[in-house]
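Would you mind keeping the following structure in view while I ask a few things?
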């Protein structure tokens, strides 16, 4: 079984902790690093080379959209999933244009994040139910 290396970027410690526990409870996944802002995410991802990054959209500094753009530009093989409260199609579109391949709302059931990680790691795009309202087919 392939062991997926996951990096978490979110400015809320309680969210990072919960996501880390969720991911680390999966036998085929492990969290290899965390950041509380976009700059830290870009640096940490560059240093640790995870398979998947779980990225908050709104963070201090450069934020998730720009951090995703920088990661995709330098390491396009690393897959990024947005984990966010932003339900608007504009945010989804901006994240996908920046290079993300998954979008999960923070209010979604935890299993959707796990499913998203597995799907994007295998090369697929993923938009969790509830986060796909009004999204044009741009995957």
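Where a number appears in this text, it was derived from the coordinates with a stated rule and is not lab data. Keep in mind that what you see is a predicted model, and the values were worked out from it rather than measured. Reconstructed Cβ throughout: ideal geometry from the backbone, glycine too, with neighbour counts over all protein chains shown.
Once you have the Cα-Cα distance between residue 77 and residue 107, take 0.36 nm times their residue separation minus that, and quote the gain in nm to one decimal.
Length difference between fully extended and current span is 8.0 nm.
Averaging over all projection directions, find the projected area of the Cα convex hull of the stretch 10-57 and quote it in nm² with one decimal place.
The Cα convex hull of the stretch 10-57, projected and averaged over all directions, gives 3.1 nm².
Over the stretch 4-127, what is the relative contact order in percent, taking alpha-carbon pairs closer than 8 angstrom and at least six residues apart?
Answer for the stretch 4-127 is 21 percent.
Here's a follow-up. Where does the chain land on Rg/Rh, using Cα atoms and the Kirkwood Rh?
Expressed as Rg/Rh, it is 0.92.
With the crude spin-label approximation of a point 7 Å out along Cα→Cβ, what separation in nm comes out for residue 124 versus residue 48?
Placing both labels 7 Å along Cα→Cβ, they lie 2.6 nm apart.
Multiply the residue separation of residue 15 and residue 85 by 0.36 nm, subtract the distance between their alpha-carbon atoms, and state the gained length in nm to one decimal.
24.0 nm
How far, in nm, would the chain grow between residue 24 and residue 93 when pulled straight, counting 0.36 nm per residue and subtracting the alpha carbon separation?
21.9 nm is the gain from fully extending residue 24 to residue 93.
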